[in-house]
1. Placing unit charges on C-beta atoms (Lys and Arg positive, Asp and Glu negative, everything else neutral), compute the dipole magnitude of the stretch 216-286 about its Cα centre in debye, rounded to 20.
2. Charges at C-beta only: +1 for Lys and Arg, -1 for Asp and Glu. How large is the resulting dipole of the chain about its Cα centre, in Debye rounded to 20?
3. Between Val350 and residues 5 or more places away or on another chain, which pairs have amide H atoms under 5 Å apart, with H built 1.01 Å from N, and which residues are they?
4. Normalise the Debye intensity by I(0) for the stretch 291-394, one equal point scatterer per Cα, no solvent, then take log10 at q = 0.17, 0.24, 0.25 Å⁻¹ and round to two decimals.
5. Based on the alpha-carbon gyration tensor of the stretch 361-447 and its eigenvalue square roots a ≥ b ≥ c, which shape applies: rounded if a/c is under 1.5, prolate if not and a/b is larger than b/c, or oblate?
6. What is the gain in length, in nm to one decimal, between Tyr228 and Glu88 on full extension, counting 0.36 nm per residue of separation less the C-alpha to C-alpha distance?
7. Full-extension gain between Asp314 and Glu475, please, as 0.36 nm times their residue separation minus the C-alpha to C-alpha distance.
8. Ordered by residue, what ³J(HN,Hα) values in Hz, to whole numbers, does the stretch 436-448 give under the Karplus form 6.51 cos²θ - 1.76 cosθ + 1.60, where θ = phi - 60° and Gly and Pro are x?
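The values are calculated or read from the model by the stated rules, or taken from the named source; none is laboratory data. In this text, all values refer to a predicted model and were calculated from it rather than measured experimentally. Glycine gets a Cβ as well: all are built from the backbone with ideal geometry, and neighbour counts include every protein chain shown. In case anyone asks, the SASA skips ligands and DNA or RNA and just uses the protein heavy atoms, side chains included. Shrake-Rupley method; radii C 1.70, N 1.55, O 1.52, S 1.80 Å.
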Amino acid sequence: MKELIFLEPVVKKLIWGKEYWTVSAHETGDCLVNGGTFDGMHLSEVWKEHKEVFGVEMDGDFPFIVKVIDARDALSIQVHPDSEYASEHENGAAGKTECWYVMDCDRDGSIIIGHNAKTREEAVSMVEENRWDDFLREIPVKKGDFFQIVPGTVHAIKQNTMIMEIQQSSDVTYRLYDYGRIRNGCPRELHVDKSLDVMMIPHKDANCYTNGLPGRLVSCRYYDVDRYDISGVRDFEKSDAFMIISVLDGEGGIDGRKIRAGESFIVSGGYGDFSIFGRLSIMVTRLPELYGGLEAGGTKMICALGYADGTVIDRISFPTTTPDESVPKIIDYFRDKKICALGIGSFGPVDVDQNSDTYGTILDSPKLPWQHYPLKNVLEEALNVPIKVDTDVNGSCLGEMTFGCAEGMDNVGYVTIGTGIGAGMAVNGQLVHGMGHPEFGHILISKIEGDDYKGKCPFHPTCFESLASGPAIEERWGKKAQELSDRPEVWEMEADYISQGLMALVLTISPRKIILGGGVMHQLQLFPLIRKKLIEKLAGYIHTRELDDIDNYVVPESLEDEQGIKGAIQLGVLAKIEE
Ligand code: ADP
Ligand code: ZN
């Protein structure tokens, strides 16, 4: 359908200023359509009765609220629950993820995002003792800044600030503090216990891509938001699904209609190509694009769907057999899922050089049917989306660096101890490649006296993998690794070999953190042993803050064994960005 839907904003007068709900179908503020085919209808009715306008198959309520918040005075300090908490404690309500674009503010304006407590106890005592200056994290803002506020984030808009807000359609807010203000003779209600319940501790800024410039501002499971600065004319490609356009600054026009700062409107799904002209900045809100992730392992394939914030919404897994059998299953899974890009974390060796003719092809693999199989090209042909390929271990490393315990770190090592041993590595924030990719499992280590096991690797009798992989443990001790939990001598030896491997990693790429995954590392008793032996082997030769805190330096994977698939999805996100 070809329709622009302009709405009458719902205006809310509040003690601190005004809110203009410019696009909303929420029961507490349901906008009326102003002009066009649906003139005079509520947006909620159009959403329910005219699905053709939106071009999406989606149950439930209209998914967004767009507001302009004009704060004369500071808003109370708030925190929102996530959907899980809200549905349990607030009658099945949705949680609230929101984002803010700063349209205007004072020259020395500020905003509150996050807090400074390291632990829950510290948060409770700061709140109970009213140490708000210590507790609240106040940061400067300027026009053009953008913030993603995920559930659990303590936040507040301060005085003289104008914000364009996009949010999930929900109204659940817990008020933590109201500056002790008295209104009409009494303080406003606070929800301190619930606030402390849902608060993220310690605070972590949501990862989003803004730097005050146009482009993609955020992509999460609820929305994709992009900013465009237009001077002249800009063409937009047609889309099956609707989008919301919000004017942040300036004025212009679309198909004979004038638009100006503060306004938002809906472009129907199937509207077709269109242009916007003028001198203006706009923000475009869309339902989020879905990404595919493929963890192509030597023993099993995992296919999953997720969003750019690492949320995985569906997955399947099946054994890796031959390409003839496995690849059609992969294609069948992704074919009708409308993914916008695919990331692959693959077993090796695989060509990970983006400039090579055989990028994404399996190389001289011991898995003979896969030798020289052009995995990326076959999938690209079948699915017609951009694809990025890296090794499975680099994928896991990326997962931990984007969503897990290594977030924001420059140098990181991820070591898997399973059927094989391998390491993913990042240096200066970039995954390490080169003439091929690292094959860390095959570095030589020293055999312990008394270990007369011949080794598992056909190439190197005393390489790391040869002596310490799951199959090596099984062959040496005559039982599967998982059945040897109660044999301390097994883990004493295993920890020695692993610590030798880690020592090499520490001394080469100087990682800020080493993350250990893979089946064998389910034996958690290995961790204290490995840490102790690593420190002993380094023998005081280097001193760093990270090594002094060894319990937080050598750690298990932090994503419930989803680091690989989340990393693969993130490779998809990068494929889309690089497209
Ligand atoms: P893969 O490396 O094939 O992707 P895994 O990481 O699960 O898969 O590694 C499999 C190896 O890990 C096998 O040798 C198995 O014996 C070992 N393993 C799996 N689970 C455990 C466990 N709980 N404890 C010890 N070893 C395990
Ligand atoms: Zn080897």
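1. It comes to approximately 140 debye.
2. Computed about the Cα centre, the dipole is about 780 debye.
3. Hits under the 5 Å cutoff: Leu363.
4. The calculated log intensity ratios at q = 0.17, 0.24, 0.25 Å⁻¹ are -0.71, -1.49, -1.61.
5. Since a/c reaches 1.5 but b/c is at least a/b, the shape of the stretch 361-447 is classed as oblate.
6. 46.5 nm is the gain from fully extending Tyr228 to Glu88.
7. 54.3 nm
8. Values per residue, Gly and Pro as x: x, 9, x, 10, 4, x, 10, 5, 7, 10, 8, 6, 6 Hz.
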